[in-house]
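The values are calculated or read from the model by the stated rules, or taken from the named source; none is laboratory data. In this text, all values refer to a predicted model and were calculated from it rather than measured experimentally. Cβ coordinates were reconstructed from backbone atoms using ideal geometry, including for glycine residues, and neighbour counts include every protein chain displayed. Areas reflect the complete protein model, heavy atoms only, side chains present, ligands, DNA and RNA absent. Shrake-Rupley method; radii C 1.70, N 1.55, O 1.52, S 1.80 Å.
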Amino acid sequence: MSKSISGFSKLSKAQKIDWLLETHFLDKKNAKRILIQYWNSDDKLQQLHDEFIENTITNYYLPFGIAPNYLVNGKLFTIPMAIEESSVIAAASNAAKFWLDRGGFKTKVISTTKIGQVHFMFQGDFETLKTYFNAIKPQLFEDVKSITKNMQQRGGGIIDIELKDKTKDLKGYYQLHASFETLDAMGANFINSCLEQFAETFKTRALSFDAFSSEEKNIQIIMSILSNYVPDCLVRVEVSCNIEDLNEDATILPEEFAAKFIQAVKIAEVEPYRAVTHNKGIMNGIDAVVLATGNDFRAVEAGVHAYASRNGKYSSLTHAKVEHGIFTFWMEIPLALGTVGGLTNLHPLAKLSLEMLGNPNAKELMQIVAVAGLAQNFAALRSLITTGIQQGHMKMHLLNILNQFEANDNEKTTLIEHFKTNVATHNAVVEALKKLRLTNYD
Ligand code: HMG
């Protein structure tokens with residue numbers, strides 16, 4: 001049985017590893033070898049990674065790949081992607097290539113507002129609370145001046161603060177609901193610092209607000225925190241072409257391709273089981289770029305899926321139509337991203353990714369990330385409605401299966417060739433490898 005430990009955080013890295021090996025592993029030598037294998041030989045770089053998080057004992061690599069040929073608003077990009085799943089980058093590259101000759105991706109940032117809330121309990125008269133809020137509002141802005149000064153100079157800051165009555169949902173529950181423009185920063189620290197100061201001002205000043213009864217003076221702050229739901233931090237991405245230009249696959253007529261594609265999207269619009277997988281495919285692209293550029297993919301995931309449910313039912317993020325002979329496929333998606341602060345300037349690969357993209361500002365990055373999402377969905381749907389997903393996916397996954405069975409370079413070359421003309425399933429690959437090994441042995 002595992003044992004608990006107090007003061008673990010104060011141990012050195014070596015001591016933490018020793019404790020782990022002692023507590024959880026029978027083959028300590030092997031476990032230590034694996035941990036050390038992933039250390040970086042550059043001590044400074046390793047220390048940087050150690051200090052990103054707490055209790056670091058090693059690094060966990062993800063492959064970092066690139067998808068070229070992305071034409072976005074007339075400009076060519078190579079998109080960096082950090083992801084472990086085979087076929088995602090091939091699909092991204094394939095979709096980029098497809099749309100390169102058909103006008104590329106058109107994008108537009110619709111809005112960039114972010115939200116933060118002070119959640120509090122108040123037992124008293126709402127009208128008096130409203131009077132207090134209106135009286136105190138200028139002071140709320142005044143007391144955060146030292147925090148907002150630089151952001152304001154750059155053109156951002158607090159847009160507004162509203163008082164919200166939430167007592168229909170929960171007895172005594174109210175909010176200060178604040179909206180922010182954080183420009184090129186994701187803004188979490190800026191927003192949270194402002195909110196905590198609002199809470200302090202709001203609570204303290206209430207004590208001397210004469211119109212409050214002694215009970216009303218006692219505003220109870222529950223918490224102050226930004227929201228990762230950002231339906232007003234929205235970007236639109238679209239591809240379109242004449243229907244006859246969807247003609248590159250000889251096995252299906254363009255009209256049939258468009259009709260099946262639109263039905264596939266409509267199914268994801270009405271059927272939540274399908275919508276979740278459909279949107280997962282979109283997030284294959286989005287998460288990979290968000291990660292590669294040092295942004296917070298958990299925040300993006302949470303916000304995107306909430307947005308996909310905004311009408312009360314989980315639904316597709318993408319949409320498709322044919323009008324006047326033009327096929328259009330598009331998506332509007334909320335993305336709170338930063339190109340300054342956080343890991344973006346600290347992680348050397350995040351920095352490199354941003355440089356690869358021409359050092360975009362946050363609005364430009366929103367557009368590139370959205371493009372990666374739409375492209376990924378296009379590639380997946382294109383496969384799903386024609387060959388089926390497994391053909392392309394297994395073609396890419398083949399190396400993983402071969403590695404799992406420790407195939408050598410010759411075996412890999414032979415079997416990659418073999419599966420160019422044979423259907424690759426897990427079983428078929430294992431059988432072919434067995435057969436090859438028997439033949440080689442004979
Ligand atoms: P293909 O037509 O067999 O590829 O497609 P190809 O060998 O003819 O090459 C054409 C282009 O594809 C290449 O052009 C590349 O752009 C790209 P080139 O570079 O030669 O000028 N490409 C590659 N790029 C990098 N490395 C490679 C590579 N191979 C091709 N090795 C492909 C093969 C896999 C691209 C295609 O079948 C495809 O797009 N499939 C979709 C795969 C997919 O969506 N994978 C995501 C994982 S599955 C999933 O999680 C989501 C899902 O459930 C979501 C949903 O249900 O909606 C599907």
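With respect to the stated conditions, GLY392 fails to be part of a loop (DSSP other than H, G, I, E, B) and either of a type in the set (Gly, Ala, Ser) or within 30 Å of ARG310 (Cα to Cα) (or both). Scanning segment 282-304 for residues that are open to solvent by 20 Å² or more (accessible area, probe 1.4 Å) and either in contact with a strand residue (DSSP E or B) (Cβ under 8 Å, 6 or more places away or on another chain) or within 15 Å of the ligand (Cβ to nearest atom) (or both) turns up ASN284, ASP287, LEU291, GLU301. Among the conditions (1) open to solvent by less than 40 Å² (accessible area, probe 1.4 Å); (2) farther than 30 Å from GLY294 by Cα; (3) part of a strand (DSSP E or B), the only one that VAL237 does not satisfy is (2).
Comparison of LEU317, LEU346, LEU374, LEU384 shows that the only residue that is in contact (Cβ under 8 Å) with a residue 24 or more places away in the chain, within 22 Å of GLU271 (Cα to Cα) and over 15 Å from the mean Cα position of the chain (by Cα) is LEU384. Scanning segment 165-178 for residues that are surrounded by 12 or more Cβ atoms within 10 Å (Cβ to Cβ) and more than 29 Å from the chain's Cα centre (by Cα) turns up ASP165, LYS166, THR167, GLY172, TYR173, TYR174.
Taking every residue in segment 193-213 that is within 16 Å of PRO138 (Cβ to Cβ) and pairing it with any residue that is part of a helix (DSSP H, G or I) and open to solvent by less than 60 Å² (accessible area, probe 1.4 Å), at least 6 positions away or on another chain, the pairs with Cβ-Cβ distances below 6 Å are CYS194/ILE147; GLN197/ASP143; PHE198/LEU140; THR201/GLN139; THR201/LEU140; THR201/ASP143; ARG205/ILE136; PHE209/TYR132.
Evaluated against (1) surrounded by fewer than 20 Cβ atoms within 10 Å (Cβ to Cβ); (2) over 19 Å from VAL88 (Cα atoms), THR277 falls short on exactly one condition, (2). Say whether the condition of being of a type in the set (S, T, N, Q) and within 15 Å of PHE122 (Cα to Cα) is met by at least one residue in segment 181-199. No, that holds for no residue. Filtering segment 394-427 to residues that are more than 22 Å from VAL88 (Cα to Cα) and open to solvent by less than 60 Å² (accessible area, probe 1.4 Å) leaves ALA407, GLU411.
Select the helices (runs of 4 or more DSSP H) contained entirely in segment 73-187, then report the ones holding at least 2 residues which are more than 16 Å from the ligand (Cβ to nearest atom). I'd like the intermediate steps shown before the answer.
Working: elements: 88-100, 126-143, 145-153.
Fully inside segment 73-187 and qualifying: 126-143, 145-153.
Highlighted here are the helices (runs of 4 or more DSSP H) found entirely within segment 272-366 that include at least 1 residues which are among the aromatic types (Phe, Trp, Tyr) and not assigned by TED's automatic domain parsing to the domain that holds GLY155: 272-292, 297-308.
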